[in-house]
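Report on the structure given below.
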Amino acid sequence: MGSHLQGFDTVIQPLALTIIALIVLTCCLTWLFSTVRYHLALSQFQHRTASTSKIEASAPPFLPYTLPWLGSALSFLSQTPGSYYRWLFAKLSSTGLEACVVLLGGEKMTLVFSAPTVIALLKAKDTDKDDFTRRVVVGGMGVPKADADRTYPVHGQDSGEALEFRKAGHATMIEFLLSSTAVNALTSKFMEKLDEELAKAECTDDWAEINLVDWVRVKMFSASVVALMGSRIVEMIPDFNKMYWWFDNNLLAMFYGIPKFIKPEPYIARQRILDGVEGWMTRMLDDCGGEPSLEGEWEPSFGAKVIRARQRMFIKYNLSMRARAGLELGFLFG
């Protein structure tokens, strides 16, 4: 028996070392290739910049990376706010570059960090935000692709239904969110609920040190949710405040397409909050007979009139409950 185990070890150990050596070699070659490619692109850019006063349009260079396919994903998703961008700006500050491309989990992402370049992009007539909106809706908010294909399709594949849906959404925002009546009603309800939240604060004669930003954020968010979406949602989802900020802190990973097996926390957070929102909507729609009333500026089930108008719009276009939950989460996100 011992001789068999010894023979097994003599086979496994070289195999393990071979696998480790291949992984290290692959990472080294990836870094070497991506570094050479970056410096060649940078050299060409600087040569064109020095030889002419008018910079010709060209693709921005890829930043070097070590991990195949993953690219800069792990560094980009650092939990330290702004750490990746501070490193990036320090690295590129002397190059004259106004944009670069990073690889994030198989996705190519262009980062633009020049104000004139951003302004030029916004002014360009041949650019639009269709693909960006779809990435937010599907990748960030978890709207099923079948619903997104009908409402926020890939650029160039707009259908009559998609255009009609977006026009209806725009009209809903104008009438029920941006009008003076809607603004006054929402502001009044928010201030009422914020007073209630502040009145709940525990006050003692002893001094205590608190994180003021977190404390105010919790109070303001609770007041905002009730003013916008009604009081029943926080009754049905007691930890909605905590769930939302967990989702908010992890949104970028899903927006940039980082796979679930690499960073599962964002997907778990989104599933939990979408399940809660979907359950709330289902219960409220059952209570009102499937069609929310537009009477009154505010009511506890669906809150402000704009939420009820959006629900009626979702029903009209036959969106799935998951899609409605995702779109309402996106609306709350802002």
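Evaluate E = 1/(1 + (r/R0)^6) for residue 87 and residue 124, where r is the Cβ-Cβ distance and R0 equals 25 Å; express this FRET efficiency to the nearest 0.05. Walk me through the intermediate numbers first.
Numbers: r = 29 Å, r/R0 = 1.17.
Given R0 = 25 Å and the Cβ-Cβ separation, E is 0.30.
Sort out the exposed loop trypsin sites (Lys or Arg not before Pro) in the chain (DSSP loop, at most 14 other Cβ within 10 Å) and tell me the longest stretch that has none. Provide the component values of the computation, followed by the final result.
Details: sites that count: 54, 125, 129, 200, 260.
Counting only loop sites that pass the neighbour cut-off, the longest clear stretch is 261-334.
Suppose every Lys and Arg Cβ carries +1 and every Asp and Glu Cβ carries -1, with no other charges. What dipole size does the range 99-139 come out with about its Cα centre, to the nearest 20 debye?
Details: 6 positive and 5 negative charges, 15 e Å.
I would put it at about 80 debye.
With Cβ to Cβ distances under 14 Å as the rule, what net charge do the other residues near residue 183 carry (K, R +1; D, E -1)? Don't skip to the end; give the middle numbers.
Working: positive: 189, 305; negative: 175, 297.
Value of the local net charge: 0.
Using the structure shown, list the pairs from 167/189; 129/260; 145/189 with a Cα-Cα distance above 32 Å, or answer none. Mind dumping the intermediate values first?
Working: 167/189 28 Å; 129/260 26 Å; 145/189 35 Å.
With Cα atoms farther than 32 Å apart: 145/189.
List 307, 315, 19 from most exposed to least, where exposure is judged by having the fewest other Cβ atoms within 10 Å. Don't skip to the end; give the middle numbers.
Values: 307 25, 315 14, 19 10.
Least crowded to most crowded, the residues run 19, 315, 307.
Which residue, chosen from 105, 281, 332, occupies the Cα position most advanced towards the positive end of the dipole of the chain, where the dipole is computed from +1 (Lys, Arg) and -1 (Asp, Glu) charges on Cβ about the Cα centre?
105
Which GluC sites (Glu not before Pro) in the range 164-255 sit in a loop by DSSP (not H, G, I, E or B) and have at most 14 other Cβ atoms within 10 Å of their own Cβ?
Working: sites: 164, 175, 192, 196, 197, 202, 209, 235; in loops: 202, 209.
Sparse-neighbourhood loop GluC sites (Glu not before Pro): 202, 209.
Could you size up the charge dipole of the range 182-331 around its Cα centre, putting +1 on the beta carbon of Lys and Arg and -1 on that of Asp and Glu, and report it in debye to the nearest 20? Could you put the intermediate results ahead of the total?
Working: 19 positive and 22 negative charges, 194 e Å.
Computed charge dipole of the range 182-331: roughly 940 debye.
What net charge do the residues around residue 243 carry, taking every other residue with its C-beta under 15 Å from that of residue 243, with Lys and Arg at +1 and Asp and Glu at -1? Present the calculation step by step, with values, prior to reporting the outcome.
Numbers: positive: 217, 242, 270, 272; negative: 235, 239, 248, 265, 275, 278, 328.
Taking every Cβ under 15 Å from that of residue 243, the sum is -3.
Could you pull out the chymotrypsin sites (Phe, Trp or Tyr not before Pro) across the range 202-271 that fall in loop regions by DSSP (anything but H, G, I, E, B) with no more than 11 other Cβ atoms inside 10 Å? Show your work: numbers first, answer last.
Numbers: sites: 207, 215, 221, 240, 244, 245, 246, 247, 255, 256, 261, 267; in loops: 207, 256, 261.
Sites meeting the loop and neighbour criteria: 207, 261.
I'd like to know which of 157, 199, 168 lies farthest towards the positive end of the charge dipole of the range 135-333, counting +1 on Cβ of Lys and Arg and -1 on Cβ of Asp and Glu.
Working it through, the farthest residue towards the positive pole turns out to be 157.
Here are several values of mean projected area of the Cα convex hull in nm²: [x] 17.9; [y] 27.8; [z] 15.5. Which one was derived from the coordinates shown?
Checked against the structure: label [y].
Please arrange 113, 176 by how many other C-beta atoms lie within 10 Å of their C-beta, fewest to most.
Details: 113 15, 176 21.
The fewest-first ordering by Cβ neighbours comes to 113, 176.
Could you point to the residue in 228, 313, 290 farthest towards the positive end of the range 135-333's charge dipole, with +1 and -1 charges on the Cβ of Lys/Arg and Asp/Glu respectively?
Toward the positive end, the furthest listed residue is 313.
Based on the alpha-carbon gyration tensor of the range 191-334 and its eigenvalue square roots a ≥ b ≥ c, which shape applies: rounded if a/c is under 1.5, prolate if not and a/b is larger than b/c, or oblate?
Details: a/c = 2.48, a/b = 1.16, b/c = 2.13.
Taking the square roots of the gyration eigenvalues as a ≥ b ≥ c, the range 191-334 is oblate.
Hey, got the dipole for the chain? About the Cα centre, +1 on K and R Cβ, -1 on D and E Cβ, debye to the nearest 20?
Details: 34 positive and 36 negative charges, 259 e Å.
Rounded to the nearest 20 debye, it is 1240 debye.
With a sphere of radius 12 Å drawn around the Cβ of residue 167, what net charge do the other residues whose Cβ falls strictly inside it have (Lys, Arg +1; Asp, Glu -1)? Let's see the in-between values first.
Values: positive: 166; negative: 158, 161, 164.
Local net charge: -2.
For the chain, what is the mean residue ellipticity at 222 nm derived from helices alone (per DSSP H run of n ≥ 4: -39500 (n - 2.57); sum divided by total residues; nearest 500 deg cm²/dmol)? If you can, show how the numbers build up before the last one.
Numbers: 15 runs with 209 residues, N = 334.
After summing the helix terms and dividing by residue count, I get -20000 deg cm²/dmol.
A short reminder: the numbers here are calculations on the coordinates, not readings from a lab. Since the structure is predicted, the reported quantities are computational estimates derived from the model, not experimental observations. No Cβ is skipped: glycine too gets one built from the backbone with ideal geometry, and neighbour counts run over all protein chains shown.
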